[in-house]
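**Student:** One structure coming up, written as C-alpha cells, with questions to follow.
The values are calculated or read from the model by the stated rules, or taken from the named source; none is laboratory data. Keep in mind the model is a prediction, meaning the values are calculated, not measured. Because the Cβ atoms are built from the backbone with ideal geometry, glycine has one as well, and the counts that use them run over all protein chains shown.
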Amino acid sequence: MPEYRRMQAPGGTFFLTLVTYGRAPLFRAATAVELLRNVMAGVRSERPFEILGAVILPDHLHFLWELPPNDTDFSSRAGLIKARFTKALLGGAAAGTPECPSRLRHRERAVWQRRFWEHTIRDDEDLDAHMDYIHYNPVKHGVAACAHAWPYSSFHRWVRSGACAVDWCCACRQRIVRPPVFDRIARTVGE
C-alpha cells in the first residue's frame with residue numbers, strides 16, 4: 001500500500017479538496033450543507049482552525065484553512081469532518097454500500113472518496129490565487145452564473161468585509177467577463 005506524505009507546516013495555511021464518493025451530488029440539498037456546517041463547527045470547537053475560504057459544491061468542497069501556531073494536523077481534522085458527517089448523514093443506515101472489497105474491508109461508507117487533496121500555501125500570491133479559485137468554482141462548474149449567485153461560499157463574507165467587490169467576475173446584465181486564469185494552480189486543486 002502506498003505511503004502518503006503530507007506537508008508539515010506548523011501554523012500553516014492549507015488548500016483542501018474533499019470529494020464525494022462517485023461524485024454523488026450530496027450537497028445539492030440545503031439540509032446536507034447545514035449538516036456539514038454543524039459538523040465543522042463541532043470539529044473546530046475541539047480542534048481549532050480558521051476557515052479563510054470555502055465553497056460547498058454539490059459533489060465536492062474546497063477549503064482554505066489556517067492552523068494554530070505549532071499545529072500541523074489538518075489531516076485528522078479533515079478525517080473527523082468526513083467521519084462525523086457520514087455518521088450524521090447515514091446514522092445506522094447502510095445506504096450507499098460500496099461494491100469495492102477494499103472499502104468494505106476498511107468499513108467505509110459510500111459517502112466520500114477515501115483520500116483528499118491538499119496543497120500548502122506558499123505566500124500571499126498563492127493564497128490569493130487559491131481564494132479566487134474557491135470563489136470562482138461555482139461558475140467554473142456551471143452551478144452559478146456569477147460568484148455572488150452561489151450561496152455556499154465564503155465569497156459573501158469577503159464582500160461584507162470589503163475585501164472583495166460584489167461584482168467580481170460578474171456576468172450579470174450581459175457583461176462580458178474574462179474568467180480568471182488558474183493555470184499556475186491547476187495541479188494543486190485536486191479536481
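**Student:** Do we have any residue at all in the range 160-167 that's over 22 Å from Asp59 (Cα atoms), among the charged types (D, E, K, R) and at pLDDT 95 or above?
**Tutor:** yes
**Student:** Of everything in the range 15-66, what is surrounded by fewer than 15 Cβ atoms within 10 Å (Cβ to Cβ) and in a helix (DSSP H, G or I)? Give them in sequence order.
**Tutor:** Gly22, Arg23, Arg28, Ala30, Thr31, Glu34, Arg37, Asn38, Ala41, Gly42, Ser45, Glu46
**Student:** Just one of the numbered conditions (1) of a type in the set (Asp, Glu); (2) modelled with pLDDT of 95 or more; (3) in contact with a Leu (Cβ under 6 Å, 6 or more places away or on another chain); (4) closer than 23 Å to Phe27 by Cα is not true of Glu118; which one?
**Tutor:** Only one criterion in (1) of a type in the set (Asp, Glu); (2) modelled with pLDDT of 95 or more; (3) in contact with a Leu (Cβ under 6 Å, 6 or more places away or on another chain); (4) closer than 23 Å to Phe27 by Cα is unmet by Glu118, namely (2).
**Student:** Collect the residues in the range 12-42 that are under 17 Å from Trp65 (Cβ atoms) and over 15 Å from the mean Cα position of the chain (by Cα), keeping them in residue-number order.
**Tutor:** Gly12, Gly42
**Student:** Tally up the residues in the range 81-115 that are of a type in the set (A, V, I, L, M), at pLDDT 55 or above and not in a loop (DSSP other than H, G, I, E, B), please.
**Tutor:** Within the range 81-115, residues that are of a type in the set (A, V, I, L, M), at pLDDT 55 or above and not in a loop (DSSP other than H, G, I, E, B) number 5.
**Student:** Hey, another quick one. How do the pairs read when you match residues in the range 30-58 that are at negative phi with residues anywhere that are polar (S, T, N, Q), using Cβ under 6 Å and keeping only pairs 6 or more apart or on different chains?
**Tutor:** From the range 30-58, the pairs are Gly53/Ser154; Ala54/Ser154; Val55/Asn137; Val55/Ser153.
**Student:** In the range 67-80, which residue that is aliphatic (A, V, I, L, M) and assigned to a helix (DSSP H, G or I) is surrounded by the most Cβ atoms within 10 Å (Cβ to Cβ)?
**Tutor:** Filtering the range 67-80 for residues that are aliphatic (A, V, I, L, M) and assigned to a helix (DSSP H, G or I), the one surrounded by the most Cβ atoms within 10 Å (Cβ to Cβ) comes out as Ala78.
**Student:** List every residue pair whose Cβ atoms sit under 6 Å apart, with the two residues 6 or more apart in sequence or on different chains, where the first one lies in the range 161-183 and is on the phi < 0 side of the Ramachandran plot and the second, anywhere, is of a type in the set (Phe, Trp, Tyr) and surrounded by 10 or more Cβ atoms within 10 Å (Cβ to Cβ).
**Tutor:** Final answer for the pair search is Cys164/Trp158; Pro180/Tyr136; Phe182/Tyr133.
**Student:** Taking the range 121-133 only, how many residues are closer than 21 Å to Ala78 by Cα and under 14 Å from the mean Cα position of the chain (by Cα)?
**Tutor:** Result for the range 121-133: 3.
Here is a yes/no grid of residues against (1) in a loop (DSSP other than H, G, I, E, B); (2) modelled with pLDDT under 95; (3) touching a helix residue (DSSP H, G or I) at 6+ places or on another chain (Cβ under 6 Å):
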site: Asp132; (1), (2), (3): no, no, no
site: Pro138; (1), (2), (3): no, no, no
site: His148; (1), (2), (3): no, no, no
site: Trp158; (1), (2), (3): no, no, no
site: Cys170; (1), (2), (3): yes, yes, no
site: Arg173; (1), (2), (3): no, yes, no
